[in-house]
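Notes follow once the structure below has been shown.
The values are calculated or read from the model by the stated rules, or taken from the named source; none is laboratory data. This one's a predicted model, so the numbers in the text were calculated from it and none came from an experiment. Glycine also receives a Cβ, built like all others from the backbone with ideal geometry; neighbour counts cover every protein chain displayed.
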Amino acid sequence: MTLKRIALAACALALVAAPASARKTYSHQKYFEHYEGTKTCLKCHKKQARSFFHSQHYQWKATASNVVGAKDRKLGKINMINDFCTNPLPTWIGEWKNKDGKIVEEGCSKCHTGRGIVPAETISDEQLENIDCLICHASGYRRNIYEKEGGGYEWKPILWKNTVGLDSVSKRISLPTRTMCLRCHAGSGGGPNFKRGDLEYKQTECDADFDVHMAKDGNDMQCIDCHQGEDHKIAGPGADIAGNEMPDKNILCNNDDCHGNEPHEQKILNMHTRRVFCTACHIPVFAKDNPTNMVRDWSKGHYSEKKGKYTYTAKFEKDVTPVLRWWNGKTTIMQVAGEPVKKDEKGEIMVAVPVGSKDDPNSKIFAFKEYHAVMPVLKDRQWILPILTGDFYVTGDMDAAVKKATEKFYGIKDAQFEWAPTIHYMGLFHEVSPASKAVGCLGCHSSGSRIDWKALGYEGDPMMALLQKSH
């Protein structure tokens, strides 16, 4: 697959944004009197709900066309295990309270586009009514967890007892804004900017130095300006996201609608773009506002007085310099549930590793966040295991949290496990700096530069080698 067909690249770098005033809003004042949950939306939008039911945002999986060894399967967080919050199913929804009665975990469905029911393979009225349309389409909408009368929990609007307020919010319908997108995506991994590193709440209201594309006083781009899709399918997942529901939809800086193949005035820079992707130079640092999680060791739990719960041992960093790696659009992802882990030469489980090399003409050098973790692995089968995070946060009993999650997820009782390190690369495509603050020549081609040339397959700086050869 050539780079022109990579559907995984720079989501904030692709298309020229429409001005904010041109984006559509839809007043629903005359369409219904009172909002009574998703069934109100279904009276007019059942076709749209049916298409959304099949989307990656609802199913949390999609055809993994760019994953090595995927074998045409649909993969995603619902049937894989990651090294952040592990898997959502064991900790789907509930109230886990600490010794003081404070809720310390509500479940992974907090960021699901449903109202609390696990997505099913088969469409039904129950599943359609579980879709929470307002979380992506209503400005100012907020929800919280509530106990249901018959037992269990559900996500409901915080204004569910305030008919006037809820009616007002539910009638302010629009296409998704970046504020709507970031309220889930900026908080993934358990906290503000914990996971991605380049998606922060600040991007709802930032300046051009922070993110030249999303700056409110600049390009003012919305997420959907780049992540354009159809039938609720969204283009452009990252390098470590398995599902790709629009593999033929390109999101690239060099699209003709964006910067083209020769975006610079200097020929030497345009020569670089043949093998160096834009983000390698135009994202000099990431995690500009909130520090991002760089290491998460689940094997070393401790009690945090500040958080009022037990937690993992972690390392957070701010203003992080990206790691550069070759990438041809394919990714080795080995956290598929029920498959033996695959380790690299350092003995780390390859949770997500980009495929590519300097000898591969379809590869370019991209900017990545390099993340490390320590995860439980089933001893006899070498399967990576989930953790019932809510239980661990409350009790601090990691052994029980792993065994209980493993029984719920795999059906294996009293699982015997060991701990193993992981390696996980996440592509960086946001927090793009202005051209004036891009990495200069000496940032890469000088002693003590930001680049690990050996990791890229060179003995040393190729520019220095050329200069020595010319003399």
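For segment 396-471, the helices (runs of 4 or more DSSP H) that sit wholly inside it and include 2 or more residues that are within 23 Å of ASP240 (Cβ to Cβ) and within 28 Å of the chain's Cα centre (by Cα) are 398-410.
Let's see how each residue does on (1) under 28 Å from TRP96 (Cβ atoms); (2) touching a Leu at 6+ places or on another chain (Cβ under 7 Å); (3) modelled with pLDDT of 95 or more:
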site	(1), (2), (3)
ILE234	no, no, no
ASN261	no, no, no
ILE268	no, no, no
ILE283	no, yes, yes
ARG325	no, no, yes
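Taken as a whole, the structure leaves ASN261 outside the set of residues that are free of Cβ contacts under 8 Å to residues at least 24 places away in the same chain and not in a loop (DSSP other than H, G, I, E, B). Of ALA373, ALA401, all but one fail to be out of contact with any helix residue (DSSP H, G or I) (no Cβ under 9 Å at 6 or more places or on another chain) and surrounded by 24 or more Cβ atoms within 10 Å (Cβ to Cβ); the exception is ALA373. Look at LYS267 and say whether it is out of contact with any helix residue (DSSP H, G or I) (no Cβ under 8 Å at 6 or more places or on another chain) and more than 18 Å from SER363 (Cα to Cα). Yes, satisfied. Look at segment 378-394: where a residue is small (Gly, Ala, Ser) and a partner is in a loop (DSSP other than H, G, I, E, B) and buried (at least 24 other Cβ atoms within 10 Å of the Cβ), sitting 6+ places away or on another chain with Cβ atoms under 6 Å, you get GLY390/THR91. Of all residues in segment 303-357, those satisfying the criterion of being among the small types (Gly, Ala, Ser) and part of a loop (DSSP other than H, G, I, E, B) are GLY308, GLY329, ALA337, GLY338, GLY347, GLY356, SER357.
Starting from residues that are closer than 21 Å to LYS30 by Cβ and among the polar types (S, T, N, Q), keep the ones in segment 169-186 and report whichever is surrounded by the fewest Cβ atoms within 10 Å (Cβ to Cβ). Result: SER174. Checking each residue in segment 116-168 for being of a type in the set (Lys, Arg) and either within 16 Å of SER55 (Cα to Cα) or free of Cβ contacts under 8 Å to residues at least 40 places away in the same chain (or both) picks out ARG142, ARG143, LYS148, LYS161. Taken together, the criteria place SER449 among residues that are over 30 Å from PHE84 (Cβ atoms) and touching a Gly at 6+ places or on another chain (Cβ under 8 Å).
Among the residues examined, LYS202 qualifies as in a helix (DSSP H, G or I) and basic (Lys, Arg). Across segment 49-96, the qualifying residues are those that are more than 19 Å from PHE409 (Cα to Cα) and of a type in the set (A, V, I, L, M), and the one among them that is modelled with the highest pLDDT is ALA49. The numbered conditions (1) in contact with a strand residue (DSSP E or B) (Cβ under 6 Å, 6 or more places away or on another chain); (2) buried (at least 17 other Cβ atoms within 10 Å of the Cβ) are all true for THR313 except (2). In the set (1) in contact with a Leu (Cβ under 8 Å, 6 or more places away or on another chain); (2) in a strand (DSSP E or B), the condition left unmet by PRO90 is number (2).
Could you list, in sequence order, all residues of segment 103-157 that are farther than 25 Å from THR179 by Cα, outside any strand (DSSP E or B) and hydroxyl-bearing (Ser, Thr, Tyr)? Within segment 103-157, THR122, SER124 meet the criteria.
Return yes when CYS281 is part of a loop (DSSP other than H, G, I, E, B), closer than 26 Å to SER449 by Cα, in contact (Cβ under 8 Å) with a residue 60 or more places away in the chain and not small (Gly, Ala, Ser) and no when it is not. Considered against the rule, which asks whether it is part of a loop (DSSP other than H, G, I, E, B), closer than 26 Å to SER449 by Cα, in contact (Cβ under 8 Å) with a residue 60 or more places away in the chain and not small (Gly, Ala, Ser), CYS281 comes out as no. In this structure, is GLY189 touching a residue at least 40 places away in the same chain (Cβ under 8 Å), in contact with a Phe, Trp or Tyr (Cβ under 6 Å, 6 or more places away or on another chain) and surrounded by fewer than 22 Cβ atoms within 10 Å (Cβ to Cβ)? Yes: the conditions hold for GLY189. Per the listing LEU199, LEU159, LEU166, the residue uniquely within 19 Å of HIS57 (Cβ to Cβ), surrounded by 19 or more Cβ atoms within 10 Å (Cβ to Cβ) and not aromatic (Phe, Trp, Tyr) is LEU199.
Pairs linking a residue in segment 219-231 that is within 21 Å of ARG50 (Cα to Cα) to a residue that is modelled with pLDDT of 90 or more and in a helix (DSSP H, G or I), with Cβ atoms under 6 Å and 6 or more positions apart or on different chains, are ASP231/SER51. Considering each residue of segment 27-40 in turn, none proves to be of a type in the set (S, T, N, Q), assigned to a loop (DSSP other than H, G, I, E, B) and within 30 Å of TRP419 (Cα to Cα). Within segment 81-116, the only residue that satisfies the criterion of being touching a Ser or Thr at 6+ places or on another chain (Cβ under 9 Å) and among the basic types (Lys, Arg) is ARG115.
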